[in-house]
Amino acid sequence: MTWLKDVIGTEKAIIAMCHILPLPGDPYYDKGKGMEYVVEMTRKDLLALQEGGVDAVMFSNEFSLPYLTDVKTETVAAMARIIGELKKEITVPFGVNVLWDAKKSLDLAAATGAGFVREIFTGVYASDFGTWDTNVGETIRHQHRIGAEQVKLLFNIVPEAAKYMADRDIESIAKSTVFNNRPDALCVSGLTAGTETDAQLLQRVKAVVPHTVVLANTGMRLENVEQQLAIADGAVVGTTFKVDGKFENHVDPNRVQAFMDKVKAFRAQWQSEAEVR
């Protein structure tokens, strides 16, 4: 049994992304509609995800494009306001992701009581955002300084829109990341949000770190649920839950329910087979 059972309530867990609209300071923030509109649209998606039966949600400033690697204070403050206003309506475990700033993600988690964060904690990358460097030792010390030791850390080791600058294979990255940093989970991604995670890549990562939670981080959809969950310990899911499966749309509760029905059927079968073994 993994920590997913304790924190989220089930193995093979589905963490649903609750994408937040552009925020104050973002280029595409709608000043006319203001923060009240952002709160209401976040509420709409949150309730649709919960209605559809997801296991957990992760709030993310997904529409703060183009992303920063040193996120401004106003972004974290706006996200804290949103989550604070919605806190009484959150009925499932939740996490946060301040794109792309590991320390700010932990700050937000500490302020809101989030159970987990997903971030780029390790590595140096050539990315759409320029050279992307990290300092995991400082980040983990920051986690302890602010009293967020209980927050689970989901390490994205295949960042979207970026390439590892060193010539290292995925097995080496996975093994050294686990040995040096003791992540709670490794996230394996496709190129962008909504792009399917390569099943062979998932398999290669899980094979070398069998005792670490490995999550499919992008592109899980109705058609590949069984294939992906047969390998991964769970998944982070966003785009497929949207109206027409399009990243920019709001959540469609019917798509969520159909997806989760398939996940629950898979889990029941997987559990049954595990008991036999």
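The values are calculated or read from the model by the stated rules, or taken from the named source; none is laboratory data. For clarity, every value in this text was computed on a predicted model and none was experimentally measured. No Cβ is skipped: glycine too gets one built from the backbone with ideal geometry, and neighbour counts run over all protein chains shown. When the accessible area is computed, the model is the full protein with side chains, heavy atoms only, and any ligands, DNA or RNA have been set aside. Shrake-Rupley method; radii C 1.70, N 1.55, O 1.52, S 1.80 Å.
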Query raised in the report: What number goes with the only condition from (1) in contact with a helix residue (DSSP H, G or I) (Cβ under 6 Å, 6 or more places away or on another chain); (2) under 22 Å from THR131 (Cα atoms); (3) open to solvent by 10 Å² or more (accessible area, probe 1.4 Å) that GLY25 does not pass?
Result: (2)
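How many of the residues making up region 187-245 are closer than 18 Å to ASN156 by Cα and assigned to a strand (DSSP E or B)?
Pass one, region 187-245, residues closer than 18 Å to ASN156 by Cα: 187-220, 228-229, 231-239.
Next, from what is left, pick out any that are assigned to a strand (DSSP E or B): 187-188, 213-216, 234-237.
Total satisfying the criteria: 10.
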Report summary line: The lone condition GLY234 fails out of (1) touching a Lys or Arg at 6+ places or on another chain (Cβ under 9 Å); (2) over 26 Å from GLN143 (Cα atoms); (3) not hydrophobic (A, V, I, L, M, F, W, C) is (2)
Query - Filter result (among the small types (Gly, Ala, Ser) and out of contact with any helix residue (DSSP H, G or I) (no Cβ under 9 Å at 6 or more places or on another chain)) within region 1-16 - result: GLY9
Query raised in the report: So which residues in region 24-63 are over 19 Å from the mean Cα position of the chain (by Cα), among the small types (Gly, Ala, Ser) and in a helix (DSSP H, G or I), if there are any at all?
Result: GLY34
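Could you please let me know if THR112 is within 19 Å of the chain's Cα centre (by Cα) and more than 25 Å from GLY245 (Cβ to Cβ)? Explain how you work it out, then say what you get.
Details: within 19 Å of the chain's Cα centre (by Cα): yes; more than 25 Å from GLY245 (Cβ to Cβ): yes.
Taking the combined requirement at face value, the residue satisfies it.
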Query raised in the report: Is at least one residue of region 149-169 at pLDDT 95 or above, open to solvent by less than 10 Å² (accessible area, probe 1.4 Å) and either of a type in the set (Asp, Glu) or not in a strand (DSSP E or B) (or both)?
Result: yes
Query raised in the report: in contact with a strand residue (DSSP E or B) (Cβ under 8 Å, 6 or more places away or on another chain), closer than 24 Å to LEU23 by Cα and surrounded by fewer than 23 Cβ atoms within 10 Å (Cβ to Cβ), is that true of ASP101?
Result: no
Requested in this report: Output yes when any residue across region 108-128 is β-branched (Val, Ile, Thr), at pLDDT 95 or above and part of a helix (DSSP H, G or I), and no when none is.
Outcome: yes
Report summary line: Within region 230-246, residues open to solvent by less than 10 Å² (accessible area, probe 1.4 Å) and closer than 19 Å to ASP184 by Cβ come out as ALA232, GLY234, ALA235, VAL236, VAL237
Report task. Please work out if ALA174 is under 25 Å from GLU149 (Cα atoms), open to solvent by less than 30 Å² (accessible area, probe 1.4 Å) and out of contact with any Pro (no Cβ under 6 Å at 6 or more places or on another chain). Result -> yes
Query raised in the report: Among all residue pairs at least 6 apart or on different chains, which show Cβ distances below 8 Å where the first residue, located in region 174-185, is in contact (Cβ under 8 Å) with a residue 12 or more places away in the chain and the second is acidic (Asp, Glu) and open to solvent by less than 40 Å² (accessible area, probe 1.4 Å)?
Result: ALA185/ASP233
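Within region 39-61, identify whether any single residue is farther than 19 Å from HIS250 by Cα and open to solvent by 30 Å² or more (accessible area, probe 1.4 Å), and answer yes or no.
The first filter runs over region 39-61 and keeps only residues farther than 19 Å from HIS250 by Cα, leaving none.
Checked against the condition, which is being farther than 19 Å from HIS250 by Cα and open to solvent by 30 Å² or more (accessible area, probe 1.4 Å), region 39-61 yields no hits at all.
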Query - Test result for ALA77, open to solvent by 40 Å² or more (accessible area, probe 1.4 Å), of a type in the set (A, V, I, L, M, F, W, C) and in a helix (DSSP H, G or I) - result: yes
